[in-house]
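Everything below concerns the one structure shown next.
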Amino acid sequence: MERAMLGRVGICCTLFAVALQVCQASVMVKVTPEVEVIKGETVKLPCSYTTSAPASPIVVQWFIEVAGARKQIAYNSSHGFGVDAGTGMTERLTMGKDLSLTISPVMVEDDRTYFCQVTAGPLGFSDNKTQVKVFFPPEKPVVTGNNQAISVSDAEIFSEVAKCISRNGFPQPRIIWFKDATPLPEVKDQKEKTYMIPSVVKEASGLYTMTSTLFMHPVKADAKSVFHCTVEYSMPNKQIKQESSDEFSLSLLYPTENVFFQLKNQGPVKEGDDVLMKCETDGNPQPEFEFFKEEKELRGLKGMLEVKNVSRKDAGIYKCEAMDFDALDGVVELIKTLNLSVHYLDPVAVTPEGPLFAAKGNTVELQCRTKSSDEFTLKWKKDSKVLSQSGGLTIESVTLAHSGVYLCVGAVPSVPGLQKQASVTLTVTGKPEIDASVNGFVEKEGGMVTLNCSALGHPAPQFTWKPSGKEVCSVTVVGNKVISTITLEASAVVLKDGVICEANNSLGKDMKRFQVSIKSDPDKASDPNAVNRGRHLTQLSLLLLSLSGLFLVYTP
């Protein structure tokens, strides 16, 4: 009896040991838990396995779930690799020798769980799953319906502001509205002042088209706001990206609360200017406007009143009236006024009136006057040189050089460009006065030399040269000066006695002697410094002639 019991115990222990060996034998399957891919690209799903003991045969299968049941899509067995037909993926699947499953190109419907199952004969089977996540960026959102005019007068009515549409994204994106770069809370309660109604359409491609319609009761301040919408979507590696629509503003209609009437000219207005006045309101659209000056109606255009070539009589009170019949009567002041000031400066009057004549040595007194709307200045000028900072100018003991044009300039410093001027011509009478003579030089006796004799005087002087030249003399006028030019032969007499220029008029005469020398004359070069002095004298003469507007010409 006892031996039989021991026998049964021994058999049980043997069976338990075999069962334990079988239980310890196993198959381990390794996959990538999650794989991300963009629609249209290629994705590879790795699968590998290990066993606790050698086993045969080995069968590897890939499955997907359809209606809650697994469906084989690819396999590897002792008979080779295969892809199941009729799965909707057949043409896009390949199974590699490394047991991986490749999908190309990836479609939206490939976003699902894939199972890799390995069966190892008596060791049994095991599986593991890979989640494939497919992504596709949506198109840039487009805003429509934002070009309609919206009235802000009725506080009980909500208006459809705009509709934002973003097409063909995956997974399902979302739309966010922005006002002045600040996101609006995503509100769906239609009792709120601002709310959105979203909708989603799954296209035949499996991609999502998102639409969000923005409703709000706008206020007047919203006319200055800028709106846009943004589509927010997911991409691989947990990236959250955004793309925005073009910005837009609301076209709001609201009545006038304030009227503005202003002068558009920059700086003070002076006689002769074109004046532009603008009348506008803070309402939309702008109403018609009527303009008046001292109850006289003026013609304006679209809120603009222009007065060309204004004069002092155009100064005064101008009135603008906005014809906005939607404004609150008795609450909103629809009339504005503008006081136009026109600055003026009367023409400058000079006394005595010209032309003036004065004998040499006399005293000349000039006076100029004007009137202006502002403080003004008067200056006397001659040849751009200021002679007096007041309206009076006294010239004592006048000389021939005082002859010329005197200018009196009136100006208003506070009004740029407001300036008037008048001139008077003064002629000083007297006998001629010849400028210092400029000697001439020739290369040799018998050469031709040109001399210039310059003189002041009125009446205009007549010139006589002694000896006279072989060529005709010429006379020119430069400023107050009369210049006589002669060309003659440097004869022995000329080289010895020089040439005399005589200028005379009815009041008298003046004369000057011009020396003519040979550049290499030994008599004039006996002094060692004579040559240098002659050269310096020649240079100085040329400079003086240049300054006085004269020219010396040498003719050998």
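Here the stretch 128-159 is the region considered, the condition is being of a type in the set (D, E, K, R) and at pLDDT 90 or above, and the residue that is farthest from Pro33 (Cα to Cα) is Lys140. Of the residues making up the stretch 171-198, those that are open to solvent by less than 70 Å² (accessible area, probe 1.4 Å), closer than 30 Å to Val134 by Cβ, touching an Asp or Glu at 6+ places or on another chain (Cβ under 7 Å) and part of a strand (DSSP E or B) are Ile176, Met196. Restricting attention to the stretch 423-436, the residues being surrounded by fewer than 20 Cβ atoms within 10 Å (Cβ to Cβ) and either part of a loop (DSSP other than H, G, I, E, B) or of a type outside the set (Val, Ile, Thr) (or both) number 5. Within the stretch 296-331, being open to solvent by less than 100 Å² (accessible area, probe 1.4 Å) and assigned to a loop (DSSP other than H, G, I, E, B) holds for Gly300, Gly303, Val310, Ser311, Ala315, Asp324, Ala327, Gly330.
Once the stretch 389-422 is narrowed to residues that are under 30 Å from Asp273 (Cβ atoms), without any contact (Cβ under 8 Å) to a residue 40 or more places away in the chain and buried (at least 17 other Cβ atoms within 10 Å of the Cβ), the residue that is nearest to the chain's Cα centre (by Cα) is Leu407. Being open to solvent by less than 40 Å² (accessible area, probe 1.4 Å), of a type outside the set (Val, Ile, Thr) and over 30 Å from Ala69 (Cα atoms): is that true of Pro141 here? Yes; evaluated as a whole, the condition is true for this residue. When we screen Ser225, Ser234, Ser249 for residues that are closer than 30 Å to Glu41 by Cα and among the small types (Gly, Ala, Ser), the only hit is Ser234.
Residues being open to solvent by less than 30 Å² (accessible area, probe 1.4 Å) and small (Gly, Ala, Ser) are entirely absent from the stretch 33-47. For the stretch 374-385, the set of residues classified as over 26 Å from Ala359 (Cβ atoms) and in a strand (DSSP E or B) consists of Thr377, Leu378, Lys379, listed by residue number. Could you please let me know if Glu203 is acidic (Asp, Glu), more than 35 Å from the chain's Cα centre (by Cα) and either within 30 Å of Thr51 (Cα to Cα) or surrounded by fewer than 17 Cβ atoms within 10 Å (Cβ to Cβ) (or both)? In short, yes.
Against the criterion of being over 30 Å from Ser372 (Cβ atoms), of a type in the set (D, E, K, R) and within 60 Å of the chain's Cα centre (by Cα), Lys481 qualifies. Whether any residue in the stretch 340-353 is of a type in the set (Ser, Thr, Tyr) and surrounded by fewer than 17 Cβ atoms within 10 Å (Cβ to Cβ) is what I want to check. Within the stretch 340-353 (the criterion being of a type in the set (Ser, Thr, Tyr) and surrounded by fewer than 17 Cβ atoms within 10 Å (Cβ to Cβ)), the answer is yes, since at least one residue qualifies. Residue count for the stretch 341-388, restricted to those that are more than 30 Å from Gly316 (Cβ to Cβ), out of contact with any helix residue (DSSP H, G or I) (no Cβ under 9 Å at 6 or more places or on another chain), of a type in the set (D, E, K, R) and touching a residue at least 60 places away in the same chain (Cβ under 8 Å): 1. For Ser390, the conditions (1) out of contact with any Leu (no Cβ under 7 Å at 6 or more places or on another chain); (2) part of a loop (DSSP other than H, G, I, E, B); (3) at negative phi; (4) of a type in the set (Ser, Thr, Tyr) all hold with the exception of (1).
Answer yes or no: is there a residue in the stretch 65-79 that is among the small types (Gly, Ala, Ser), closer than 21 Å to Ser126 by Cα and touching a helix residue (DSSP H, G or I) at 6+ places or on another chain (Cβ under 7 Å). Among the residues of the stretch 65-79, not one is among the small types (Gly, Ala, Ser), closer than 21 Å to Ser126 by Cα and touching a helix residue (DSSP H, G or I) at 6+ places or on another chain (Cβ under 7 Å), which makes the answer no. Across the stretch 373-380, not a single residue is classified as touching a Leu at 6+ places or on another chain (Cβ under 6 Å), modelled with pLDDT under 95 and closer than 26 Å to Thr429 by Cα.
Residues in the stretch 253-263 that are at pLDDT below 95 and either under 23 Å from Leu418 (Cα atoms) or among the hydroxyl-bearing types (Ser, Thr, Tyr) (or both): 2 in all. Residues in the stretch 87-141 that are among the hydroxyl-bearing types (Ser, Thr, Tyr) and outside any loop (DSSP other than H, G, I, E, B): Thr90, Thr94, Thr102, Thr113, Tyr114, Thr119, Ser126, Thr130. Applying the condition of being farther than 30 Å from Asn265 by Cβ and not basic (Lys, Arg) to the stretch 374-388 and asking which residue is surrounded by the most Cβ atoms within 10 Å (Cβ to Cβ) yields Trp380.
Within the stretch 48-68, the set of residues being aliphatic (A, V, I, L, M) and open to solvent by 50 Å² or more (accessible area, probe 1.4 Å) comprises Val66, Ala67.
Residue count for the stretch 236-281 satisfying the condition of being part of a strand (DSSP E or B) and open to solvent by 20 Å² or more (accessible area, probe 1.4 Å): 17. Taking the stretch 168-207, which residues are under 15 Å from Glu139 (Cα atoms) and free of Cβ contacts under 8 Å to residues at least 40 places away in the same chain? Across the stretch 168-207, the qualifying residues are Gln172, Val200, Val201, Lys202, Glu203.
Inside the stretch 356-373, can you point out the residues that are open to solvent by 40 Å² or more (accessible area, probe 1.4 Å) and in contact with a Pro (Cβ under 9 Å, 6 or more places away or on another chain)? Across the stretch 356-373, the qualifying residues are Glu365, Gln367.
Being open to solvent by 40 Å² or more (accessible area, probe 1.4 Å) and in contact (Cβ under 8 Å) with a residue 60 or more places away in the chain is a property that holds for Ile157.
The values are calculated or read from the model by the stated rules, or taken from the named source; none is laboratory data. Everything numeric in this text was worked out from a predicted model, so none of it was measured. Counting neighbours? That spans all protein chains shown, and the Cβs are built from the backbone with ideal geometry, glycine included. Just so you know, the surface numbers come from the protein's heavy atoms only, side chains and all, with ligands and any DNA or RNA stripped out. Shrake-Rupley method; radii C 1.70, N 1.55, O 1.52, S 1.80 Å.
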